[in-house]
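Engineer: Before I ask anything, here is the structure I am working with.
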Amino acid sequence: MADASSPALLSAEGLSSFYGRMHALKPTSFTVRQGELVTMLGPNGAGKSTLLRALMRLNKADGSVMFDGQDVSRLSTHELAELGMIMVQEGRGLFGQMSVRENLVLGAYTGRSASGIDSSLDRVFTLFPRLKERLNQISSSLSGGEQQMLAIGRALMAEPKLLMLDEPSLGLAPRVAAEILTTLGNLNKQGLGILLVEQKAPLALKLAQRVYVLSLGRIVAELPAKEIKSHHDLAQYYLH
Ligand SMILES: Nc1ncnc2c1ncn2[C@@H]1O[C@H](COP(=O)(O)OP(=O)(O)OP(=O)(O)O)[C@@H](O)[C@H]1O
Ligand SMILES: [Mg+2]
């Protein structure tokens, strides 16, 4: 598991993004270390999705981003994905009329060998056996939890080095959300770097090694997850 001495996998310096004249993400700096699970917390409208979209260049952004030892500030979304920065978007972004299998295979990058794709599929089925049982089902007919599993499974098909997730527990029953977050924790234990954005999810804090709190487009706190309990205001807000 990552600790304070682990090298950075991702580091953003002064990442900033506007919608027209609205400065939704003020210059923001943060790090995800190799093998680390970082949770970014913040209320509605704090700028969490904007931050992820700015990182992935789905929104215009200023500032510099280093990933896996390389300056990626000028790369496109597609180039970032090819390097292993993969994001599961809010709302999951599945191809609703396609089957589970088709959605998964589309997650694998072109140029991968058939055997490479098969081994990624096996890994996804081990994590989410329910997807294997529903391979030919149209994805729009899956339950909300299954759709989130598929969205994560599809992201894993790209063999990410860093998996970023925008509120994966949104709209799910607590038990299903817990199942999904626990799986993310297990992936992290296997060494995957994860940047998890959530509004309010005590389990997302438990699984994290470090937490940032975003408010009105700024990071207002950074602390090891286990210390959040001793910060009365944060604990009040995020642990209930
Ligand atoms: N496409 C857009 N055009 C204009 N303003 C936007 C756009 N998207 C977001 N905003 C604004 O930017 C701010 C940050 O929004 P963002 O979606 O990043 O918040 P969030 O933390 O992800 O919130 P939520 O928890 O509701 O998903 C909000 O004030 C929002 O109204
Ligand atoms: Mg959002």
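Engineer: So which residues in segment 87-102 are in a helix (DSSP H, G or I) and of a type in the set (Val, Ile, Thr)?
Structural biologist: VAL100
Residue-wise test of (1) within 22 Å of GLY193 (Cβ to Cβ); (2) among the aliphatic types (A, V, I, L, M); (3) open to solvent by less than 10 Å² (accessible area, probe 1.4 Å).
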residue: ALA114; (1), (2), (3): no, yes, no
residue: ARG134; (1), (2), (3): no, no, no
residue: SER139; (1), (2), (3): no, no, yes
residue: GLN147; (1), (2), (3): no, no, no
residue: ARG154; (1), (2), (3): yes, no, no
residue: MET157; (1), (2), (3): yes, yes, yes
residue: MET164; (1), (2), (3): yes, yes, yes
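Engineer: Next up: Just checking, does segment 50-60 include any residue being touching a residue at least 12 places away in the same chain (Cβ under 8 Å), more than 16 Å from ligand 2 (Cβ to nearest atom) and open to solvent by 10 Å² or more (accessible area, probe 1.4 Å)?
Structural biologist: Looking through segment 50-60, at least one residue is touching a residue at least 12 places away in the same chain (Cβ under 8 Å), more than 16 Å from ligand 2 (Cβ to nearest atom) and open to solvent by 10 Å² or more (accessible area, probe 1.4 Å).
Engineer: Can you tell me which of ARG92, ARG53 is more than 17 Å from LYS161 (Cα to Cα) and modelled with pLDDT under 95?
Structural biologist: From the options ARG92, ARG53, the qualifying one is ARG92.
Engineer: Looking only at strands (runs of 3 or more DSSP E) that fall completely inside segment 157-240, which ones have 2 or more residues that are more than 16 Å from ligand 1 (Cβ to nearest atom)?
Structural biologist: Strands (runs of 3 or more DSSP E) meeting the threshold: 162-166, 193-198, 218-224.
Engineer: Do we find that PHE67 is more than 25 Å from SER140 (Cβ to Cβ), in contact (Cβ under 8 Å) with a residue 40 or more places away in the chain and surrounded by 16 or more Cβ atoms within 10 Å (Cβ to Cβ) in this structure?
Structural biologist: yes
Engineer: For LYS200, all conditions in the list (1) more than 16 Å from ligand 2 (Cβ to nearest atom); (2) open to solvent by 40 Å² or more (accessible area, probe 1.4 Å); (3) touching a Phe, Trp or Tyr at 6+ places or on another chain (Cβ under 9 Å) hold save one; what is the number of the exception?
Structural biologist: (1)
Engineer: Oh, and also: Test GLU13 against the stated conditions and say whether it is open to solvent by 70 Å² or more (accessible area, probe 1.4 Å) and away from ligand 2 (no atom under 16 Å from the Cβ).
Structural biologist: The answer is yes for GLU13.
Engineer: Additional query: Kindly state which strands (runs of 3 or more DSSP E) lie completely within segment 1-86 and contain at least 1 residues that are within 12 Å of GLY217 (Cα to Cα) and more than 9 Å from ligand 1 (Cβ to nearest atom).
Structural biologist: The qualifying strands (runs of 3 or more DSSP E) are 8-19, 22-33, 37-41.
The values are calculated or read from the model by the stated rules, or taken from the named source; none is laboratory data. Predicted model only: the values in this text are computed from it and were never measured. Positions of Cβ are generated from backbone atoms using ideal geometry, with glycine treated the same way; all protein chains shown enter the neighbour counts. The protein model used for the area step is the full one, side chains on, heavy atoms only, and it has no ligands, DNA or RNA in it. Shrake-Rupley method; radii C 1.70, N 1.55, O 1.52, S 1.80 Å.
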